[in-house]
Amino acid sequence: MRTPMVVANWKMHGRLAEARELTQAVRDGLKRPRGVEVALCPPFTALGAVAEILTGSPLLLGAQNCHWEDTGAFTGEVSPAMLADLGCRLVIIGHSERRHIFRETDEEIRRKVAAALRHRLQPVLCVGETAEERRQGLTFTVVEGQLRAGLGGLGAEDLARCTVAYEPVWAIGTGLNATPGQAAEVHGYLRGLLSELASKEVAQSVRILYGGSVKPDNVGPLAQEPEIDGALVGGASLQAASFITIAKKSAAKSGASKE
Ligand code: 13P
């Protein structure tokens with residue numbers, strides 16, 4: 001039912017020449033990915049160049065953020081309508097760096113998710129606890145609050161078009177990934193909440209990705225967890241070879257999908 005997905009979040013990396021080179025290498029290394037969907041999320045400035053290179057490729061284009069309005073006096077912002085125009089198919093929303101460095105609120109994130117859906121973009125809603133929250137036993141409380149705030153109020157059809165990414169903040173860029181067991185436990189909890197928000201069928205169809213220090217040498221056991229439907233990859237997505245390996249290792253065996 002769920003084909004795994006691997007999403008490259010380049011963050012604020014990739015001037016044009018680098019973005020082109022990396023995209024070409026990933027495209028050539030993943031000409032026809034089987035049993036996995038692959039998306040590249042470059043910075044806004046490289047979206048056009050990456051879109052051109054991905055023409056005719058099954059790899060999807062995505063953005064790392066968006067505003068919630070279509071147009072208006074919002075200096076420095078980019079709307080989902082503009083992203084859709086460029087050929088984006090998905091957009092990462094509520095990444096922990098947006099929440100913590102740029103102080104994005106749950107309400108803003110909710111509006112962004114709704115705006116992305118209005119423009120037929122697939123929102124990839126990120127949730128995750130800090131090290132301190134985990135230490136205090138608040139992991140489930142935190143991710144539940146973020147999930148309900150981001151997706152609450154959506155109809156079942158819209159919910160089915162969303163993807164969730166569990167990214168424990170303590171695992172991002174630290175080299176310290178969640179164990180497959182730790183991740184699977186949270187994914188299972190999130191899926192239970194999705195059942196409540198929509199239905200069991202919808203919950204079973206929504207992909208829940210894991211993100212946080214995913215590397216070629218740790219992705220295998222994560223990908224084997226039935227509850228983990230792929231990866232949101234930061235640092236390791238900046239090297240074509242490592243990202244390609246992660247994508248291949250995340251593919252469902254024999255092209256089958258997860259249930
Ligand atoms: P790293 O893979 O660099 O830990 O980053 C994870 C992330 O934030 C992806 O969105």
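The values are calculated or read from the model by the stated rules, or taken from the named source; none is laboratory data. Worth saying up front: this structure is predicted, and the values here are computed from it rather than measured. When we count neighbours, we look across all protein chains shown, and the Cβ atoms used for this are built from the backbone with ideal geometry, even at glycine. All accessible areas refer to the heavy atoms of the entire protein, side chains included, with ligands and DNA or RNA removed. Shrake-Rupley method; radii C 1.70, N 1.55, O 1.52, S 1.80 Å.
Computed values, structure above
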item: Close pairs (9 angstrom Cβ cut-off, 6 or more residues apart or separate chains): basic (Lys, Arg) in segment 174-191, within 15 Å of the ligand (Cβ to nearest atom) and open to solvent by less than 30 Å² (accessible area, probe 1.4 Å) anywhere; result: 191/164; 191/208
item: Qualifying position, being within 16 Å of the ligand (Cβ to nearest atom) and over 12 Å from the mean Cα position of the chain (by Cα), among 105, 75, 130; result: 130
item: Leading residue by the ranking (nearest to the ligand (Cβ to nearest atom)) among those in segment 7-23 that are within 21 Å of the chain's Cα centre (by Cα) and open to solvent by 70 Å² or more (accessible area, probe 1.4 Å); result: 13
item: Qualifying residue in segment 176-188 (condition: within 16 Å of the ligand (Cβ to nearest atom), farther than 13 Å from residue 228 by Cβ and open to solvent by 30 Å² or more (accessible area, probe 1.4 Å)); result: yes
item: Enumeration of residues in segment 209-247 that are over 25 Å from residue 191 (Cα atoms) and either hydroxyl-bearing (Ser, Thr, Tyr) or surrounded by fewer than 24 Cβ atoms within 10 Å (Cβ to Cβ) (or both); result: 216, 217, 235, 236, 237, 238, 239, 240, 241, 242, 244, 245
item: All positions within segment 115-124 that are away from the ligand (no atom under 12 Å from the Cβ) and closer than 23 Å to residue 231 by Cα; result: 116, 117, 120, 121, 122, 123
item: Selection count, segment 26-46, where residues are within 20 Å of residue 249 (Cβ to Cβ) and open to solvent by 40 Å² or more (accessible area, probe 1.4 Å); result: 6
item: Within segment 139-169, tally of residues that are surrounded by fewer than 18 Cβ atoms within 10 Å (Cβ to Cβ) and under 17 Å from residue 98 (Cα atoms); result: 1
item: Candidate set from segment 161-175 (those that are touching a Ser or Thr at 6+ places or on another chain (Cβ under 9 Å), under 20 Å from residue 8 (Cβ atoms) and not in a loop (DSSP other than H, G, I, E, B)); member that is farthest from the ligand (Cβ to nearest atom); result: 169
